[in-house]
Amino acid sequence: MIVDAEFQKCGLRHAHILVFLRPEFRCLHLNSIDKIISAEIPDVANSMKNHTNNNLMCGARDNQATKTKLYRRRNSGVFIQKGESFVDNRYVVPYNRQLLLKYNAHINVEWCNQSQSVKYLFKYVNKDHDRVTATFYQGGDACYDEIKMYYDCRYLSACEAVWRIFSFDINYREPSVERLNFYLECEEPVVFEDHEDLEDVIKKPHTRDTNLSMGTASYMHRLFVQLLVSNQFSQPEVVWSKTWQNLSDDMLHRQGRVLRVPDLVLDDDQLKNYTLAEIERLLHSHGKSMKEDYPTMPRTDVSFIHESRNILIYDEMNYTQHMLEIEHQKLMSTMTDEQKNVYDKIIARVDAILPGIFFLYGYGGTGMTFIWRALSYAIRSRKEIVLTVASSGIAAWLIPDERTAHSRFGIPIILDEISTCGIHSKSPLAKLVCKAKLIIWDEAPMIHKHCFEALHRSLRDILRVQNNGRTDVPFGGKVVVLGGDFRQILLVIPKGTRQEVVLTLSTNMCLLHGSSSSDIQERKQFSEWVLGGDGSVVDANDEDSDLNIPYDLLIQSSEEKTYLSCDSPLSTNSMASRPDDIHTPEFLNTINASGIPNHKLKLKVGVLIMLLRNLDPTTVLCNGTRLIITKMGRYVLEGKVITGSNIGDTVYIPRLSLTPYDTRIPFKFQ
């Protein structure tokens, strides 16, 4: 339905309304139209005559008054006398009896069966306001400028002024239609205020959402790489041969912009090579390459890869130096003496180019994240590299780069005393580690010691040449800062009881340290109020106690969809009678292992979900990232990120194969 309100010269308001009917309610026969629309004067016996005659609109003949249909106008001998004029059915404007009786107003009803009727209405929706030309001058014989005394004004009657003061709708459309503006990459317009910073404007989510290639071809590149890295393709070359045309959809425009040739023409081989070069570049961000990790994929010509630089090093140095210096100065101006002491010791060791291991110990609220940011901004403002990681995806939200230690250094999931990281000595990741000046590892106590030992062995082997063959230097001579709080880490006991897992503390030394007796008593009362669970503040509460939850956080009524896992055993035994055959899919569906979802996953639009795997660390799709479901497909879920630095981004979660690493399960399955 479309509604347009308009005010006539005398100030009277009238509206143009266009109603679209569903197919099942449309009139397919002439008799059906005559039941809704009438173009005849009611007869004398009709009780509606007295009500309708006063509101019947009479005009020219039918073929001139309406340009839609020829309505039924029988010569019944009924007429209306208006003064000296006589009007019969030939001059009646089509109307609906029920509407005239209900609203007692002039209402013209037409059956729109031509596009001209629809265009006629949209002319009123889009036309400009009524305008008037006025002149202002003074009397007498004084000279005046005839050009300046004319003013182009907008005519506004009293009725329209009141209508607009109360913010009533002038145009209304149901369902509402919004025009989606998509632009090619790096060609979208951006609107911002004079006082806004350009760096903040570019980082706004809606600025990136208008990029057409980010939503189509570029996303398909990332999705293809995600499926490659997670080993979802048994034959990736077959998938490539069937989808390369879709993957290379934007390559012609992209290369035309790079080469500054608007009318660039590329053949299929060139498009394939440019697309493979883009996939190779994204694989380098994950520490992989097609030559070493995916030998069955077609090789790309090295000449098509723009600059053989390390994409990992480029990403770590792709910062605005001036903005980092300003942020660093702000942090230094608000730093406490204790934080300044820690900062100076670590920076001094980095400037001296000496190995060092620091452990920053402090509970929540002492400002460890503040120090991580200060160290990162200080080193990056000098065009040097610092690697900041955390032990979990949730902890990674609070640090720069938002990367976990497993995704950054390739730490294996299953570890032992001799494990190493998946870093090849000549890989881009190895070159990145060699150039790094500082490694910051937040929430270090949360992770097993084998992870630190694996990173130590890998860095020792990679940096052996720089250390003149020495292997006794911790972490290859890098400055490593570990941070965390042992009091926040509970014991992890598989199948443990509550008494075995939860530590019982009679006294909280952290809260009592440096506190007065009044503070201790206040905290005790607060703890008792929290443990009480009734939520009461005082005995008598006259305030409204209802909690208003924002609309965007509510789960709307939508259809629930159930996703089922396809479980199958894994075995390297090539014999026909395998022991794993006894593990049927029905039995595997009953297993609830750590790190994988249940067999039945019930979702609906608006539900909050959390990732259990690192899909794409470059776009902060890591373990612990929280999203809200916006669309549900058969193999792909669409969600909106609500945590981290990419809040508001729309991402897509494909269906993946997962293998549990629970040591309590004596066999492997996916």
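Points to keep in mind about this one:
- Largest to smallest principal axis extent of the C-alpha atoms in the range 317-484, angstrom: 44, 31, 27
- For the range 74-87, Karplus couplings with θ = phi - 60° (6.51, -1.76, 1.60), whole Hz, Gly/Pro x: 6, 8, 8, x, 8, 8, 10, 9, 10, x, 9, 9, 10, 10
None of the figures in this text is laboratory data; all of them are computed from the coordinates on show. Since the structure is predicted, the reported quantities are computational estimates derived from the model, not experimental observations.
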